[in-house]
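Enquirer: Below: one structure in structure tokens.
Throughout, read-outs are computed from the coordinates displayed, never taken from laboratory work. Computed from a prediction, not measured in an experiment: that's the story for all the values here. Reconstructed Cβ throughout: ideal geometry from the backbone, glycine too, with neighbour counts over all protein chains shown.
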Amino acid sequence: MLRILRKKGIAKKILWVLAIMITISFVFWGVASYLTREQGPTSFAGKIFGRSVSFREFQNSLQHVQNQAILRYGENFAKIRNYLNLHSEAWDRLILTHEGKKRRIRVSNDEVIKTVKRFPFFQRNGKFDKQLYAQVVQYAFQCSPSDFEEGIRESLIFEKIYKQETLSIDVTDEDVRKEYEAENAKAQAAYILFPVMQYVKEVIIPDEAVSAYYHNNQNLFYLPPGINIEFIALEYPQDPTEESKDAIDQAASQIAQDFTKGQPDLKQIGQKYNLTIKESGFFSAEEPKFDLGWPLEIFQKALELRKDELAGPIATTKGFYLLKLKERRDARLLSLEEAKDKAQELLTLQEAKKIARQRSQEALSKIKSALQATPKEKFETIAKKLDLKPEKTSEFTRSQYLQGVGPSGPFQQAAFTLTMENPLSEVVEMSNDFAIIYLENFIPADQEKFAKDKDFLKERLLAQRKDQAFNAFLAKLRQKANLVDNIKKLQEAQQTQ
């Protein structure tokens, strides 16, 4: 499909054109919001703002969304298409089109023509080429010039909405300086961890407490819905040769030919090609089984299968897969006996956390007393005298991963509130630990570099603030639209058949 783009040497131009033109209107893409009502599938695609949207109207929106994705990703579009939520983006486009009409925003034919002519991939020798334009639109975007131009018109309307909504957004030099310092200042700290798991062995939970916890927290003990998949994996070896890959490709090709003669049975394929049929065991979108080693697209396809449907061979970077939905499992409440181990584990962790919090508070009180008595003594020395185990970080920024601490926003946030005059923190609660932090050193951001890069940083921060403001506006607009998505309902209904 994108052969012309490649042949004309314009794929690279597509990638940077987006930063200049239309795709400013689509900074909000990638966030799906389905606000559906309890309504069965009907003869229309859905509703927005109380108005029915026909399947043809939705399909046109989906076509324009796909065109934008091709503009954005060029030849990589085919590779990442399965990772894009074009369905949701098509609804967003219809919602914004409604808003544009409400605001009576107009885009003239002259504006559309000028926009089209500015795209480098429609130019030959620096000038717009009508024949090249027709070819690229036909083969790369798979639509007529009039349809493509209508998509451009809508995108320019969205750009005007974006400008209207972000016109009042501004940033000061002080805003830029604070942002720069927040990103570039560094700290170095000593710390003491109190891991919750360290205190699990001290916890004893009687049976009656487990029973009471189960009955008082039954929302924690539901077995989620799931699917069990039968599958055949034709995976490449870990270090494949051209010969071994060719053998797998050839086998997949032969199986694909079987599908052209009618849908075969997975068992028949296994017997015919001497391939092992395996079962995934139950999993769901909320609880995928990553130990299966499947590529992400295989999980996605599995979740879309209808009962007894056979899909494949599905090509991935790891090889080929054939999938069949064997059974579905409805959600249900586990019995006390089934939930006993989980209830005991959760209750044990809850009690261990209380102990960790208490021990860290006791240690902090002792450290404060020692520092008051001997203010010149080092934090690490005091900690060791109290039989604690102090550690030390390397220099780190607010967003940096810390070896030994892990990804912990509360740790960094607490560390950067400390000063060299008041270096000791209160007890900091993290996901699985408590910590006491002592600021050893603070390295301010490089002000000379800031002065040099200030204009660029200001432009970047302004763009971020505008995007945030527009995303907030769009979220409210989605709520007002009160979307009824019959297409999604139809897909879900088919999957349960």
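Enquirer: Determine the relative contact order of the chain: mean sequence separation of Cα pairs under 8 Å and six or more apart, normalised by residue count, in whole percent.
Expert: 26 percent
Enquirer: Each residue of the range 81-90 in turn: what ³J(HN,Hα) in whole Hz from Karplus with 6.51, -1.76, 1.60 and θ = phi - 60°, glycine and Pro shown as x?
Expert: Here the 3J(HN,Hα) series is 4, 5, 8, 9, 9, 5, 4, 5, 5, 5 Hz.
Enquirer: Measure nothing but the geometry: give the 0 to 90° angle between the long axis through the Cα atoms of 173-184 and the longest principal axis through the Cα atoms of the chain, rounded to 10°.
Expert: 70 degrees
Enquirer: Label Arg81 and Val203 with points 7 Å out from Cα along Cα→Cβ: what is the distance between them in nm?
Expert: 5.0 nm
Enquirer: While we're here: Using each residue's phi in the range 334-340, evaluate 6.51 cos²θ - 1.76 cosθ + 1.60 at θ = phi - 60° and report the 3J(HN,Hα) Karplus result to the nearest Hz, with x for Gly and Pro.
Expert: 5, 6, 4, 5, 5, 8, 4
Enquirer: Right, something else. Return an integer: the convex hull volume of the alpha-carbon atoms of the range 222-332, in Å³ per residue.
Expert: Normalising the Cα hull of the range 222-332 by residue number yields 97 Å³.
Enquirer: How far is helix 486-495 tilted off the main Cα axis of the chain, in degrees rounded to 10, range 0 to 90?
Expert: Its long axis makes an angle of about 80 degrees.
Enquirer: Under a 5 Å amide H to amide H cut-off, with H placed in plane at 1.01 Å, what residues pair with Gln123 once short-range neighbours are removed?
Expert: Asp129
Enquirer: Check the straight Cα-Cα distances from Lys392 and name the lysines below 21 Å, setting aside those fewer than 8 residues away within the same chain.
Expert: Lys392 reaches Lys186, Lys366, Lys368, Lys376, Lys378, Lys384.
Enquirer: Would you list, by chain and number, the aspartates and glutamates whose Cα falls below 18 Å from the Cα of Lys47, excluding same-chain residues fewer than 8 positions away?
Expert: Glu38, Glu57, Glu89, Asp92, Glu99, Asp485, Glu492
Enquirer: Let me ask you something else. Enter the Cα centre distance for the pair the range 116-173 and the range 237-257, rounded to the nearest angstrom.
Expert: Between the Cα centres of the range 116-173 and the range 237-257 lies a distance of 42 Å.
Enquirer: Tabulate in residue order the Karplus-calculated ³J(HN,Hα) for the range 60-65, using 6.51 cos²θ - 1.76 cosθ + 1.60 with θ = phi - 60°, rounded to whole Hz; enter x for Gly and Pro.
Expert: Going residue by residue, I get 4, 5, 5, 5, 5, 4 Hz, with x marking Gly and Pro.
Enquirer: Multiply the residue gap between Thr172 and Gln358 by 0.36 nm, knock off their C-alpha separation, and tell me the result in nm, one decimal place.
Expert: Taking 0.36 nm per residue and subtracting the Cα distance, the gain is 62.5 nm.
Enquirer: Quick query: amide H of Asp433 versus all other amide H atoms, modeled in the peptide plane; which residues come in under 5 Å with a sequence gap of 5 or more or a different chain?
Expert: Val196
Enquirer: Next up: For the chain, what are Rg and Dmax over the alpha carbons, in angstrom?
Expert: 29.6, 87
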